[in-house]
Amino acid sequence: MFYPLSAFIAYRYAKSSKQSQTSFVSFINRFSVAGIALGLMALIIVVSVMNGLEGQLKQRILGIVPHIEITKTPTSNNEFSKTLTQNSSAESNSLKVAKTSTATAKINETPTFNSGSRSETPNKNVPQKQYVTLDEISKTPIDGVVASMAYREAEAVVQSRSELRGVQVHGVEPSVMLEHTLVASHMEQGRFDDLKEGSFAAIIGRALAIKLDVRVGDRLRVMVAGASVYTPFGRMPSQRLVTVVGVFDMGSQMDDKVMYMNLTDVNRLMRDPKGNGQSLRLFLNDAFNYLSVVNYLTDTMGVSASNVKTWRERQGPLFDAVKMEKNMMTLMLLLIIAVAAFNIVSALVMVVTEKQGDIAVLQTQGMLPRTIMWIFVLNGLFNGVKGAGIGLIVGIVVTLQLNNFLDLIGSPLALAADGRGLPVEMDAVQIVSITVLSLLLCVLASIYPARKAMKIAPSQALQNE
């Protein structure tokens, strides 16, 4: 098989003989290859475990917290309507009587159901409708949104026979929750179908059930201060006895802070039976891609940014901390790979010093300096390929069998949702990027000794030969 001359010589040197393998230069080469392999292996393992932990947090916490909540739209805002009315009155008062009567005649002649006649009204510069309602948003297909439902959240105090706890009461539609949430698949007892309208039933987390010392079938008193009324005995919060019909276990920090009830029951508890204060909850196929949906709502559909709430307002700092930790661990292990890769510099510099005579002979036979430079660049690349190949294979194998190895040494870690060990999530694109970066570091480390070899003068190198 034909090889370029520089690649042929570099490959022959990479396959060094037994005699040269005992030399100090060969030892440094093997040491750098082992360092690259160990660094890449450690980086693949750590990144995969961090991805798994981030995925577990995403599943446990963002499975409970609303991805996006739209509280209201400006079409229901009285101030917006008053502004339009005042602007219309000011413009109509400034018009002449004749023009006003003519415009009025045109309006009277125009059918109310004809949308094309809006351009003939005197207030044609005033937008008739710039925003959409919550009902229109729920019926509009949005890229990344898999479902939507009417939703209401309230701060409440829950009292059992022995304890008193503060919780968030989520008023939901049971059919939508049953189909589009992970909570429905982590029910220990009961189902969301048990949240019948008017039954004042509730589903709570296992951690909250333990703290309140309640079981399915027990009754709790729910008190909401936000819907309090004044009585002869003072200000009294809205309260109601609810029956526990289900228990879920997501294994997250939100299990003891959330209580699910039927949306109609929550509206009645909030003394708002018509649901004027309820909002719209959007379910995303990927909660991390919330920005594209928010931008579509604010830029295209005209929803005010102050009326859109996302999961980052509550849990953003937690995921930022996890992301920062993952990035710092990746940077630290990349520096270890860089240290191992730059051991190639010392090895190749020693090779250049040792092989000055051979390089001079090649130059006298007509080899170009550029070809000599590529010999040493490819030599460093071959060392990087060996180290990266070993690290890639061993890293993938160890990552796939990590929980078995932990069981073997007697230190299992049950951090996954099912309690079976460390959560591991391997990203092929991430692993390939890390491997390519390791090879790039090896090539960069080979440039200095390669340029040094290219600048060797044959007359000086052959003086002592």
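Figures for the structure shown
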quantity	calculated
Odd one out for Leu440, checked against (1) modelled with pLDDT under 80; (2) open to solvent by 60 Å² or more (accessible area, probe 1.4 Å); (3) over 30 Å from Arg60 (Cβ atoms)	(1)
The stretch 150-165 - residue that is in contact (Cβ under 8 Å) with a residue 40 or more places away in the chain and surrounded by fewer than 18 Cβ atoms within 10 Å (Cβ to Cβ) and, of those, nearest to Ser175 (Cα to Cα)	Glu155
Among residues of the stretch 189-206, those that are within 15 Å of Ser160 (Cβ to Cβ) and in contact with a Ser or Thr (Cβ under 9 Å, 6 or more places away or on another chain), counted	2
One residue from Leu406, Leu400 being over 22 Å from Phe27 (Cα atoms) and without any contact (Cβ under 8 Å) to a residue 24 or more places away in the chain	Leu406
Subset tally (residues that are modelled with pLDDT under 90 and open to solvent by less than 30 Å² (accessible area, probe 1.4 Å)) for the stretch 298-315	5
Among (1) open to solvent by 10 Å² or more (accessible area, probe 1.4 Å); (2) more than 23 Å from the chain's Cα centre (by Cα) - the single one Asn285 does not satisfy	(2)
Filter result for the condition that a residue is within 37 Å of the chain's Cα centre (by Cα) and closer than 30 Å to Glu136 by Cβ, over Glu325, Glu313	Glu313
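The values are calculated or read from the model by the stated rules, or taken from the named source; none is laboratory data. What you see is a predicted model; the values in this text were computed from it and never measured. Reconstructed Cβ throughout: ideal geometry from the backbone, glycine too, with neighbour counts over all protein chains shown. We work out accessible area using only protein heavy atoms, side chains counted, and drop any ligands, DNA or RNA first. Shrake-Rupley method; radii C 1.70, N 1.55, O 1.52, S 1.80 Å.
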